[in-house]
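Below: one structure, written as structure tokens.
Coordinate-derived values only; no laboratory data. Quick caveat, the model's predicted, so the values are computed rather than measured. Methodologically, a virtual Cβ is constructed for each residue, glycine included, from the backbone with ideal geometry; neighbour enumeration extends over all protein chains shown.
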Amino acid sequence: MTAARSHASPTSGSHGAEAERVTEEARDRGLDARLVVDRGSFHLDVALTAAPGDVVAVLGPNGAGKTTALRALAGLAPLSGGHLRLDGAELDGVPPEHRPVGVVFQDYLLFPHLSALDNVAFGPRCRGAAKVESRAQAAELLARLGLADHASARPAGLSGGQAQRVALARALAIRPRLLLLDEPLAALDARTRLDVRSQLRRHLAEFEAVAVLVTHDPLDAMVLADRLVVIERGQVVQEGSPADIARRPRTDYIAQLVGLNLYRGRADGHTVRLDTGAAITTTEELSGPAFVAFPPGAVTLHLDRPSGSSARNLWRCEVSGLETHGDQIRVDLTGELPLAADLTTIAAAELGLHPGALVWAAVKAAQTHAYPA
């Protein structure tokens with residue numbers, strides 16, 4: 001991801017009529033929460049609403065408050081203020097074991113001495129269901145998740161993907177009205193993660209209540225969730241659909257997640273001027289505070305000032321770093337406009353790039369995207 005440069009203030013994005021519909025429906029059917037938690041010097045104040053069938057991903061950097069929010073929803077961290085309502089019922093003060101909430105923990109926390117079947121049956125048994133009924137329900141869930149042949153296996157005999165699905169089945173066995181997933185794919189290797197992500201998306205699509213996913217992985221969030229809520233320093237800084245957030249990031253952290261260079265300045269027509277004095281020409285015509293974003297792949301580098309280029313944006317820069325980024329070379333640049341550029345290995349070699357090298361960076365106006373701040 002690109003190291004985006006901006007001085008963006010943490011302003012929440014609006015998602016309009018859809019948000020109003022979700023909020024209204026969540027008051028009676030779904031999740032309606034304002035989570036206020038004071039923990040020493042850290043203060044969390046996050047509003048979350050979701051209608052039945054919604055999958056909401058909570059994203060944020062380390063220390064943003066993601067885990068605190070999840071623990072508050074689960075009843076494992078007491079609220080200092082705000083409210084927590086699920087299907088119209090107040091949950092604040094209700095013990096965790098009596099909440100209609102299922103949790104899939106990052107490390108799954110399966111009971112090592114129990115079979116997959118008995119791990120899944122554990123929840124219904126604790127809530128008073130008969131052993132035969134609990135095991136029948138567990139068998140049905142395991143079959144639905146493609147694990148019928150592994151019902152008798154203990155966790156040590158399961159693959160990472162199988163263990164993840166057993167943990168999901170165990171959370172679903174209590175028929176929760178709120179399903180919480182704490183970094184559900186973090187314990188998987190890259191190859192398994194790809195398969196399990198697509199399976200989990202299918203299972204979440206069939207879930208009729210609210211699901212809240214806590215993750216730091218943008219791909220997990222984009223693939224699994226209908227709506228993203230990004231928090232930084234305990235506050236919501238942006239929320240909306242994955243497509244909207246990817247297209248219009250409002251903080252450096254979000255820009256890095258979606259792989260964009262991001263700047264904030266003041267627009268006057270087709271020009272956005274930054275506080276540093278640098279200017280960016282765009283195709284959009286705006287007036288007032290504005291963001292400008294463009295991908296590192298839109299940047300071309302030249303050793304000499306290009307004379308025949310059609311690019312409207314041209315800055316003198318110095319190479320500050322080089323690193324492999326997928327099948328390309330990510331070039332970090334400082335100078336008139338700090339930015340990141342992606343080049344092929346051949347292009348980087350032909351330019352003879354190295355830290356300290358001086359180059360011209362060019363970006364066509366049509367490859368920038370400006371929007372109100």
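Miscellaneous remarks
- Amide H contacts of V237 (H built 1.01 Å from N, under 5 Å, at least 5 apart or other chain): V230, I231, E232
- If R0 is 22 Å, the Cβ-Cβ spacing of E285 and R247 corresponds to a FRET efficiency of close to 0.75.
- Between the amide H of D92 and those of L84, distances stay under 5 Å, these residues lying 5 or more places away or on another chain, with hydrogens modeled in the peptide plane.
- About the Cα centre, charge dipole magnitude for the stretch 129-185 (Lys/Arg +1, Asp/Glu -1 at Cβ), debye: 180
- Note: relative contact order over the stretch 265-372, using C-alpha pairs below 8 Å and six or more positions apart, is 35 percent.
- The residues packed around A361, meaning those with a beta-carbon under 9 Å from its beta-carbon, carry a net charge of 0 if Lys and Arg are +1 and Asp and Glu are -1.
- Loop-located trypsin sites (Lys or Arg not before Pro) across the stretch 150-200 with a Cβ neighbour count of 12 or fewer within 10 Å are lacking, with loop assigned by DSSP.
- Hull-based mean projected area of the stretch 16-256, where the convex hull spans the alpha carbons, in square nanometres: 13.1
- Residues with amide H under 5 Å from that of V104, placed H, sequence gap 5 or more: L180, L181, D182
- Summed residue charge, Cβ within 10 Å of A64's Cβ, Lys/Arg positive, Asp/Glu negative: +1
- Taking the longest Cα principal axis of the chain as reference, the axis of helix 190-206 is set at about 60 degrees.
- Local electrostatic count at D275 - Lys and Arg +1, Asp and Glu -1, tallied over other residues with Cβ under 11 Å: +3
- For the stretch 319-328, the Karplus equation 6.51 cos²θ - 1.76 cosθ + 1.60, evaluated at θ = phi - 60°, returns couplings of 6, 9, x, 9, 8, 6, 9, x, 9, 10 Hz by residue, with Gly and Pro reported as x.
- Semi-axes of the equivalent ellipsoid for the stretch 134-226, Cα gyration tensor, largest first, Å: 21, 17, 10
- A simple rule links phi to the HN-Hα coupling: the Karplus curve 6.51 cos²θ - 1.76 cosθ + 1.60 with θ = phi - 60°, which for the stretch 342-356 gives 10, 10, 5, 4, 5, 4, 5, 5, 5, 7, x, 5, 7, x, x Hz, with x for Gly and Pro.
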